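The values are calculated or read from the model by the stated rules, or taken from the named source; none is laboratory data. The structure presented is a predicted model; accordingly, all values stated were derived computationally and were not measured. So basically every Cβ, Gly included, is an ideal-geometry build from the backbone, and we count neighbours across all protein chains shown. For accessibility, only protein heavy atoms count, side chains too; no ligands or nucleic acids. Shrake-Rupley method; radii C 1.70, N 1.55, O 1.52, S 1.80 Å.
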Amino acid sequence: MRELMDPLEGQLTHADDRVRLSAWLPPQFGGTPRVRLGRKWYSVLWLIPIGFLFLTVGVPLVQELRRLPAVQHFIARYPGQDSIPVQYFGFPAWLRWQHFLNLFLLLFIIRAGLQILADHPRLYWNPHCTPGTEWFRFQHDVPRDRIWTAKDDSVTLPGWLGLPGIRHSIGLARWWHFSCDLLWVLNGLVFYLMLFSTHQWQRIVPRTWAVFPNALSSAVQYLSLRFPAEEGWVRYNSLQLLAYFATVFIAAPLAVVTGLMQAPAVSNKLGWFGRVLHRQAARSIHFLVLCWFLFFILIHVTMVFVTGLLANLDHMFAGVNGNSPTGLGIFLAALTLVIVAWALATPLTINHARAVQKTGEFMIGWLKAIAEWWDPNNQYSEADISPHLWPNGTMPNSAEYDALARAGFGDYRLRVGGLVENPVVVSQAELKAMPKQEQITCHFCIQGWSGIAKWGGVPMRHILKIVRPKAAARYAVFYSFAEGAEGGRYYDVHTIDNMRHHLTILAYEMSGKPLSVLHGAPLRLRCENELGFKQVKWIAAIEFVDDFARIGAGQGGYNEDHEFYGYRMPI
Ligand SMILES: Nc1nc2c(c(=O)[nH]1)N[C@H]1C(S)=C(S)[C@@H](COP(=O)(O)O)O[C@H]1N2
Ligand SMILES: [Mo]
């Protein structure tokens, strides 16, 4: 079995099972988060004085308004809540547990989500990610006088905020984000089920149109600092009801959908819908949903504290309609648990990175395996091609590659071997004589940016036809001429099924021109149901194998070994 091993296999490096901060990308801090309005950038810190102004002007204004007979009449007619009868009772144990699980999971989802954002700290409404077209960022202008890769652009977060905080730790953050997402979605589904089988849905679903004037009435009462009557045990006021409804039935599902739509395998299956609600639109909406959640949490927690803390905590943590310290006690115990978990998460992730990767793989690997089955079909038109495709990765830096490049890759030979009936060595001229396929597709980098380009090259199906993989061959290993970020040769492993997809090609052209060195000359992979790091550039050899456990550090690729990514990354 092993006699056909590619010589490059022996040159791969091992990797640590933890993050070594001395070898990791050095810290780099971006700027304060800014939003672009027209051509000017405004710091989000402006929200603090704006909020303060809103309250200092709004409160007295609404207090005066409340003196008007018309407003008093309105509040008398719409006291702030519907009076239709309800059929549920109090806050049952399942609801209280789900409330706690929800808040616990959301904290980690948010921390890991911010970490993911910090890997490409810019948001766009266009599908190209052209520098300068962002609407939100916490990074400076892209330098124009040198090559600036997406990795160069990533920023550090404080360790208590990001998970795990260190720069370019998206591989680890994604395991946290997706694993907690899965549990959160399960918790949410059980919550929906319980809501509708217990009448508790009546708490948070509007049942009459009067909910709108009542919500307005509640808002007026809150702003005038004479709060509406507290009846939380029996029912919420209409403003609360609408806020909970929007969070549970609009924001939460939207978060899931826009999260999934950032995945190549999902977006590339959705046709026109995936092109209109492209990755950057989905990513921007995903972020706005986060903003809603943060706003909701801020107001929700504030209101819990100022509208009768003991009673509110008795409701949600003890399940009794009282004013006792019991709820507070349980809340403090829950809070301690949250704080301990919060404090442990970052050091645990750094010191046991491989365990986090394995756990994540166990939690959501199955979902990725399912998504890998889908043969992607989304293609774009010439007019959609991005003016600029962010470059990424570590450029080749060897005498061997330089010599090849100087000679225009005339001496380049691609080796395809391993567990195949017919190992071959092909020249550039021979590759170009093979059937050629052109495709205009979207590139999805794990870091969050994307871009559309036209690729031309040899379909992998054709290569498979020539080399005829043996029955035992389950994976294709792509070896690069270049090293990875920490040194050691870059490589990546794909399932053989990925090689059969009709948009999987070995590209030697980009936008109708020979592939540039920056983007992977002489040959790079395009496998459109996977993230960018699996699109190996500067390909030196392809080896078919039965297993990748013995290759490199055994995780299925350079970034899988060194940056704790998963080897299946269609999502
Ligand atoms: N050999 C090699 N290939 C690589 C990388 C790398 O570091 N080395 N980076 C990957 C990543 S993370 C991305 S997003 C794409 C970027 O391709 P582009 O520079 O053509 O946009 O290349 C991938 N292929
Ligand atoms: Mo990437």
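For residue 482, the residues 5 or more places off, or on other chains, whose built amide H falls under 5 Å of its own are 490. The simple Förster model, with R0 at 60 Å and r as the Cβ-Cβ distance, assigns residue 430 and residue 323 a FRET efficiency of 0.10. If R0 equals 41 Å, the separation of the Cβ atoms of residue 141 and residue 549 corresponds to a calculated FRET efficiency of about 0.40. The modelled label-to-label distance between residue 130 and residue 381, using points 7 Å beyond Cα along the C-beta direction, is 1.8 nm. Name all residues of region 279-302 having a backbone nitrogen under 15 Å from the label point set 7 Å from the Cα of residue 230 along its Cα→Cβ direction, giving them as ranges. Only 300-302 pass the distance filter.
Take every pair of alpha-carbon atoms less than 8 Å apart whose residues are at least six positions apart; their mean separation over the length of the chain yields a relative contact order of 18 percent.
Here the Karplus curve 6.51 cos²θ - 1.76 cosθ + 1.60, taken at θ = phi - 60°, turns the phi angles of region 252-261 into couplings of 5, x, 5, 4, 5, 5, 6, x, 5, 6 Hz, with x standing for Gly and Pro.
Can you tell me what share of the DSSP beta bridges in the chain is antiparallel? A percent to the nearest 5 is fine. Antiparallel: roughly 90 percent of the beta bridges in the chain. With the charge dipole of the chain set up from +1 on Lys and Arg Cβ and -1 on Asp and Glu Cβ about the Cα centre, the Cα lying farthest toward the positive end among the listed residues 320, 429, 128 is that of 320. For region 224-296, the Kirkwood hydrodynamic radius comes to 14.2 Å, computed from all pairs of different C-alpha atoms. The alpha carbons of the chain stretch over 88, 48, 43 Å along the principal axes, in descending order.
Nearest 500 deg cm²/dmol is fine: what mean residue ellipticity at 222 nm does the chain get from its DSSP H runs of n ≥ 4 alone, each adding -39,500 (n - 2.57), divided by its residue count?
Values: 19 runs with 238 residues, N = 571.
-13000 deg cm²/dmol, from helical runs alone.
Looking at region 34-371 alone, DSSP beta bridges between its own residues are antiparallel in about 100 percent of cases. Subtracting the Cα-Cα distance of residue 310 and residue 257 from 0.36 nm times their residue separation leaves 15.4 nm of extension gain.
Full extension of the segment from residue 370 to residue 472, taken as 0.36 nm per residue of separation minus the current Cα-Cα distance, would add 34.6 nm. Once label points are set 7 Å from the Cα along Cα→Cβ at both residue 148 and residue 53, what is their separation, rounded to one decimal in nm? Here the answer is 3.1 nm between the modelled labels. Each Lys and Arg contributes +1 and each Asp and Glu -1, all at the Cβ; summed about the Cα centre of the chain, the dipole is approximately 1060 debye. Cut-off under 29 Å on the C-alpha distance; same-chain residues fewer than 8 positions from residue 534 excluded. Which lysines are left, in chain and number order? Leaving aside lysines fewer than 8 places away in the same chain, those within reach of residue 534 are 151, 269, 358, 368, 432, 436, 454, 465, 470, 513.
Would you mind getting me the FRET efficiency between residue 86 and residue 422? Use the beta-carbon distance for r and R0 = 56 Å, nearest 0.05. Given R0 = 56 Å and the Cβ-Cβ separation, E is 0.15. Could you tell me how far the Cα centroid of region 1-40 sits from the Cα centroid of region 46-89, in Å? If you average the Cα positions of each part, the centres end up 52 Å apart. If you fit an axis through the alpha-carbon atoms of helix 170-198 and take the longest principal axis of the Cα set of the chain, what angle between them do you get, 0 to 90°, nearest 10? For 170-198 against the chain, the angle is about 40 degrees. Going by accessible surface with a 1.4 Å probe and the largest first, 291, 180 read 291, 180. Roughly what angle does helix 279-306 make with the longest principal axis of the chain, taking Cα atoms, 0 to 90 degrees, to the nearest 10? Result, in degrees: 30. Heavy-atom accessible area with a 1.4 Å probe sorts 315, 128, 388, largest first, into 388, 128, 315.
The separation of region 404-419 from region 241-290, counted between C-alpha centres, amounts to 43 Å.
Can you tell me how region 510-556 classifies by the Cα gyration tensor, rounded, prolate or oblate, using a/c under 1.5 as the rounded cut? It is prolate, given that a/c is not under 1.5 and a/b is the larger ratio. For the chain, the residue among 443, 213, 299 whose Cα projects farthest onto the positive side of the dipole built from Cβ charges is 213. Distances between placed amide hydrogens fall under 5 Å for residue 380 paired with 440, 441, all partners being 5 or more residues away or on another chain. Distance between the modelled labels on residue 297 and residue 67, one decimal in nanometres: 4.1 nm (7 Å Cα→Cβ projection). For residue 13, the residues whose modelled amide H falls within less than 5 Å of its own, excluding neighbours fewer than 5 places apart on the same chain, are 489.
Within region 34-371, the ratio Rg/Rh, alpha carbon atoms throughout and Rh by Kirkwood, equals 0.99.
Applying the Karplus relation 6.51 cos²θ - 1.76 cosθ + 1.60 with θ = phi - 60° to region 407-420 yields 3J(HN,Hα) values of 8, x, 6, x, 9, 5, 10, 8, 9, 10, x, x, 7, 10 Hz, where x marks Gly and Pro. For the chain, the longest principal axis of the C-alpha atoms and the axis of helix 353-373 are separated by about 80°.
Residue by residue, region 138-152 carries 3J(HN,Hα) couplings of 10, 8, 7, 4, 6, x, 9, 8, 7, 5, 10, 7, 4, 5, 4 Hz when phi is fed to the Karplus relation 6.51 cos²θ - 1.76 cosθ + 1.60 (θ = phi - 60°); x denotes Gly or Pro. With 0.36 nm allotted per residue and the present C-alpha distance subtracted, the residue 438-residue 76 stretch has 123.4 nm of extension available.
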